[in-house]
Amino acid sequence: MSLLISNGRLLDPSSATDKLADIRITDGLISEIGPAGSLSAGDNDEVIDATGRWVSPGFIDLGARLREPGQEYKEDLESGGNSAVAGGFTTVVVMPDTHPVVDNAEHVQYILARSNALGLCQFLPTGALTVGRQGQILAPLAEMQKAGAVAFTDAGRPVSNSQLMRNALEYAQGFGLTILSHAEDIELSCQGHVNEGPVSTRLGLKGLPVVAEETIVARDAMLAEFTGARLHFSHLTTGRSVHKVAQAQQAGAAVTGAAAAHHLVLTDEDVNGFDTSAKINPPLRSNSDRLALIEGIRAGVLSAITSHHTPQSSLEKDTTFDRAEFGALGLQTTLPAALHLVDEHDLEPLTVLGCLTSGPAAILGMDIGKIAVGSTADLTIFDPNQTWEFTPEANLSKSSNSSFIGKTLKGRVLKTIAKGKVVFTI
Amino acid sequence: MIAGQHLLGMRGMDAATIYGILATAKGFKEISRRKIKKVPSLRGRTILNVFYENSTRTRVSFELAAKRLSADGVNISASGSAVAKGESLLDMAQTLNAMQADAVIIRHAASGAPHYLADRISARVINAGDGLHEHPSQALLDIMTIWEKFDELDGLNVAIVGDIKHSRVARSNLIAMKTLGMNVRVAGPSTLLPRDLEAVYGCTVCESVGQAVEGAHVVMALRLQKERMNSGLLPSLREYSVEYGINSQLLRTTQDNAILMHPGPVNRGIELSPDVVDGQRSVILDQVENGVAVRCALLYLILGGSQP
């Protein structure tokens, strides 16, 4: 028995494919691809009519916090996994800043075991770069890699000590590991709450200056160039950060960068009214920085769009702005945010979808995120034009910290297929 | 005008409303100078003073205002209440709501705390200072003080000097003064001026205090919190007073009828030299007196009392 997806618009950025096609899935793998109307279904085959729909490789997220273990009241791998597949993701890189921190092989194995047991999307664990994310001692990177960790990061924290960051990059380079950088100079951030600019001035909130990000982007990019290590910036938010990454790339450094979906559609003005859902780290920036990120994607400097999914419960968010924790949901709203770039900023669909598929795959150095005969059948079928409301009921996260709740969004995931199995459908 | 509304900030308040509040305050000032200062306007109404930060002027003047209007006022301060036991603002809001207060006056270290409360309680919320954000009753009493000395506010030159960045007084005044057509010039150490100040408030940032003060009708100095030195924003109090302190020599360059203001409490010898604090131009004590009158007017108008 096989699954036939007929007459969809197949968009595969890995091969720059954009054509109407039929796709057959057998035993979890893509077994056949042909022109639309060329493949016929057998008696026992299931058929998905994708006429008018877009069919893309399953999305890959490079950074979600799913809070398990330790903070299951905010999210767990099951609720996070359900959010992910509803958002079209078939692969989710999971951040290690749980309680306890994922800084050893056992915890890496735990995430993978849960991933297999749940059978929603593939969770790929990351390991902390330093023990306990304390920025003091290197965590056992090679051991975690052998256990299945795909990258290393202190998620949500920089390695403030430049010498330790150099060592981490150098050590990682020896094992061919990828390091994810949370670029923030903690001293310059100075316990701020919102982008430093007109909004922080008007609301009387302590500012997070752009330069707190940019100085660490510059430092880490130079260290990556110096050490030859692979470095990825998890969530860039400023025009000058994009510029620094472009410079490093031109110099031949193995440096990549991503933008979080919310930074592509929201600005610091969305904090108005002290909306704690819009309190995010790195913060929502000015509109000109937002536009610079979009140009960074257009130019290929930024090669991934992440959900930056960071659930927080009402305990963390239902309070005054200064006391609220950082973070917003993202898994279910990433596709509409990405498609907004096609509609409003004339980006090519393949460029935007590349940031959700082939781009993240290349950053991870993994042979995923493509639609080819013989490859794993991870696919997302969506209608780029269908509008839907992100209602509290539609939200599958345990938390509800999203500026998009109650908003009408354009671009709707209809089916998500992971390893040949339909894991989400509406 | 503002009947039945919250007072969260000066943003969005139009000139007619400001003048309306001040006209009412003028009447209350007159009553305040009578031997019998009490009127029955808010008899039977309950007003809670919730102060999460220390305050003398603001707290006492709101308290006096409530008493003069015959309302029942209760003070809750952070140190002597459940706040000290770590009660959250959410729980405090629910508790206050259950007490059926008509108005809650709140001072809080968090910008936006009154907005948070206003979304969650049925009483009217009056912002008595939130973090670095706004202090609307202070701006109104400041404008009242200026209006007493100058009939026409439109076109007046105002110099605001000092730590704008950490001042909710400056923010509320900048908004109100712009609304009323005043020209505001600011001066202070660059580390104490928030980013995009000119763009946000339509004021002019001057290179020196002398430039700001020259030709001014109103000079307003802001209080310098001494902890600013610890965070490396300033080298020393001495350097601040030399560069940004207001003294009689500087005041010679203002308009002849210029007034000197300060929200208090004054650090004598730092923001202001002692002679100008007590000098002829100083209207600092008028500000205090007007504070009671303005707060009477606010409570009266918001709670819709009968005629005073």
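The values are calculated or read from the model by the stated rules, or taken from the named source; none is laboratory data. Only a predicted model underlies this, so the values are computations on that prediction, with no experimental measurement involved. All Cβ positions, glycine included, derive from the backbone under ideal geometry; neighbour counts span all protein chains shown.
Somewhere in the stretch B:118-137, is a residue touching a Ser or Thr at 6+ places or on another chain (Cβ under 6 Å), away from every other protein chain (no Cβ under 11 Å) and either surrounded by 24 or more Cβ atoms within 10 Å (Cβ to Cβ) or under 15 Å from B:His217 (Cβ atoms) (or both)?
Yes, the stretch B:118-137 contains at least one residue that is touching a Ser or Thr at 6+ places or on another chain (Cβ under 6 Å), away from every other protein chain (no Cβ under 11 Å) and either surrounded by 24 or more Cβ atoms within 10 Å (Cβ to Cβ) or under 15 Å from B:His217 (Cβ atoms) (or both).
Please state which of the following conditions A:Leu66 fails to meet, knowing it meets all the rest: (1) crowded, with 22+ Cβ neighbours inside 10 Å; (2) out of contact with any Asp or Glu (no Cβ under 9 Å at 6 or more places or on another chain).
(2)
Looking at the stretch B:120-143 only, could you name the residues that are farther than 23 Å from B:Leu193 by Cα, among the aliphatic types (A, V, I, L, M) and in contact with a strand residue (DSSP E or B) (Cβ under 6 Å, 6 or more places away or on another chain)?
B:Ala123, B:Val125, B:Ile126 - these are the residues of the stretch B:120-143 that are farther than 23 Å from B:Leu193 by Cα, among the aliphatic types (A, V, I, L, M) and in contact with a strand residue (DSSP E or B) (Cβ under 6 Å, 6 or more places away or on another chain).
Check whether at least one residue in the stretch B:19-35 is farther than 11 Å from B:Leu301 by Cα, in contact (Cβ under 8 Å) with a residue 40 or more places away in the chain, assigned to a loop (DSSP other than H, G, I, E, B) and touching a helix residue (DSSP H, G or I) at 6+ places or on another chain (Cβ under 8 Å), and report yes or no.
No.
Scan the stretch B:175-195 and tell me whether some residue there is hydroxyl-bearing (Ser, Thr, Tyr), over 19 Å from B:Glu271 (Cα atoms) and within 14 Å of chain A (Cβ to nearest Cβ).
no
Restricting the search to the stretch B:148-194, which residues are among the acidic types (Asp, Glu) and buried (at least 19 other Cβ atoms within 10 Å of the Cβ)?
Correct list: B:Asp163 only.
Looking at the stretch A:202-237, which of its residues are on the phi < 0 side of the Ramachandran plot and within 14 Å of another protein chain (Cβ to nearest Cβ)?
Scanning the stretch A:202-237 gives A:Arg202, A:Leu203, A:Leu205, A:Lys206, A:Gly207, A:Leu208, A:Pro209, A:Val210, A:Val211, A:Ala212.
Would a scan of the stretch B:217-240 turn up a residue that is in contact with a strand residue (DSSP E or B) (Cβ under 8 Å, 6 or more places away or on another chain), in a helix (DSSP H, G or I) and closer than 25 Å to B:Leu132 by Cα?
For the stretch B:217-240, residues in contact with a strand residue (DSSP E or B) (Cβ under 8 Å, 6 or more places away or on another chain), in a helix (DSSP H, G or I) and closer than 25 Å to B:Leu132 by Cα: absent.
Would you confirm whether or not the stretch A:413-426 contains a residue that is at pLDDT below 95 and more than 17 Å from A:Arg298 (Cα to Cα)?
So far as the stretch A:413-426 goes, yes, one or more of its residues are at pLDDT below 95 and more than 17 Å from A:Arg298 (Cα to Cα).
Residues A:Val150, A:Val159: which one is in contact (Cβ under 8 Å) with a residue 24 or more places away in the chain, in a loop (DSSP other than H, G, I, E, B), more than 14 Å from chain B (Cβ to nearest Cβ) and touching a Gly at 6+ places or on another chain (Cβ under 7 Å)?
None of the other options fit; the residue is A:Val159.
Tell me, please, whether a residue that is within 14 Å of chain A (Cβ to nearest Cβ), within 19 Å of the chain's Cα centre (by Cα) and among the acidic types (Asp, Glu) can be found in the stretch B:85-98.
Checked against the condition, which is being within 14 Å of chain A (Cβ to nearest Cβ), within 19 Å of the chain's Cα centre (by Cα) and among the acidic types (Asp, Glu), the stretch B:85-98 yields no hits at all.
Which one of these is outside any loop (DSSP other than H, G, I, E, B) and over 18 Å from the mean Cα position of the chain (by Cα): A:Thr416, A:Thr380, A:Thr387?
Being outside any loop (DSSP other than H, G, I, E, B) and over 18 Å from the mean Cα position of the chain (by Cα) holds for just one of A:Thr416, A:Thr380, A:Thr387, which is A:Thr387.
Quick test for you: out of A:Val271, A:Val211, A:Val245, pick the one residue that is crowded, with 20+ Cβ neighbours inside 10 Å and either farther than 30 Å from B:Pro136 by Cβ or among the polar types (S, T, N, Q) (or both).
Result: A:Val245 is the single residue among A:Val271, A:Val211, A:Val245 that is crowded, with 20+ Cβ neighbours inside 10 Å and either farther than 30 Å from B:Pro136 by Cβ or among the polar types (S, T, N, Q) (or both).
With the condition kept exactly as written, say whether any residue in the stretch B:166-174 is touching a residue at least 24 places away in the same chain (Cβ under 8 Å) and more than 14 Å from chain A (Cβ to nearest Cβ).
Looking through the stretch B:166-174, none of the residues is touching a residue at least 24 places away in the same chain (Cβ under 8 Å) and more than 14 Å from chain A (Cβ to nearest Cβ).
Can you tell me how many residues in the stretch A:163-200 are under 18 Å from B:Asp196 (Cβ atoms) and of a type in the set (Ser, Thr, Tyr)?
Residues flagged as under 18 Å from B:Asp196 (Cβ atoms) and of a type in the set (Ser, Thr, Tyr) within the stretch A:163-200 amount to 1.
Report, by residue number, each residue of the stretch B:241-277 that is part of a loop (DSSP other than H, G, I, E, B), over 22 Å from B:Ser55 (Cα atoms) and not aliphatic (A, V, I, L, M).
B:Gly245, B:Asn247, B:Arg252, B:Thr253, B:Thr254, B:Gln255, B:Asp256, B:Asn257, B:Ser273
From the list B:Asp119, B:Asp130, B:Asp142, which residue is under 20 Å from the mean Cα position of the chain (by Cα) and more than 23 Å from B:Leu260 (Cα to Cα)?
B:Asp130
Quick one: count up the residues across the stretch A:342-377 that are more than 19 Å from A:Lys419 (Cα to Cα), more than 16 Å from the chain's Cα centre (by Cα) and touching a residue at least 40 places away in the same chain (Cβ under 8 Å).
Within the stretch A:342-377, residues that are more than 19 Å from A:Lys419 (Cα to Cα), more than 16 Å from the chain's Cα centre (by Cα) and touching a residue at least 40 places away in the same chain (Cβ under 8 Å) number 6.
Only one of (1) within 11 Å of chain A (Cβ to nearest Cβ); (2) of a type in the set (Gly, Ala, Ser); (3) in contact with a Leu (Cβ under 9 Å, 6 or more places away or on another chain) fails for B:Ala109. Which number is that?
That leaves (3) as the condition not met.
Can you say whether B:His115 is out of contact with any helix residue (DSSP H, G or I) (no Cβ under 8 Å at 6 or more places or on another chain), within 14 Å of another protein chain (Cβ to nearest Cβ) and surrounded by 17 or more Cβ atoms within 10 Å (Cβ to Cβ), as far as the supplied structure shows?
yes
So, B:Val218, is that one more than 14 Å from every other protein chain (Cβ to nearest Cβ) and more than 20 Å from B:Gly9 (Cβ to Cβ) or not?
yes
Does A:Gly257 satisfy being at positive phi and out of contact with any Lys or Arg (no Cβ under 7 Å at 6 or more places or on another chain)?
Here the answer is no, as A:Gly257 does not meet what is asked.
Sort out for me the strands (runs of 3 or more DSSP E) sitting completely within the stretch A:1-101 that have 1 or more residues that are out of contact with any Leu (no Cβ under 7 Å at 6 or more places or on another chain).
A:2-12, A:17-26, A:29-35, A:46-49, A:59-64, A:89-94
Among the residues of the stretch A:290-325, how many are more than 14 Å from chain B (Cβ to nearest Cβ) and touching a residue at least 60 places away in the same chain (Cβ under 8 Å)?
Here the count works out to 11.
Restricted to the stretch A:180-200, and to residues that are among the polar types (S, T, N, Q) and buried (at least 23 other Cβ atoms within 10 Å of the Cβ), which residue is nearest to the other protein chains (Cβ to nearest Cβ)?
Only one residue tops the list, namely A:Ser200.
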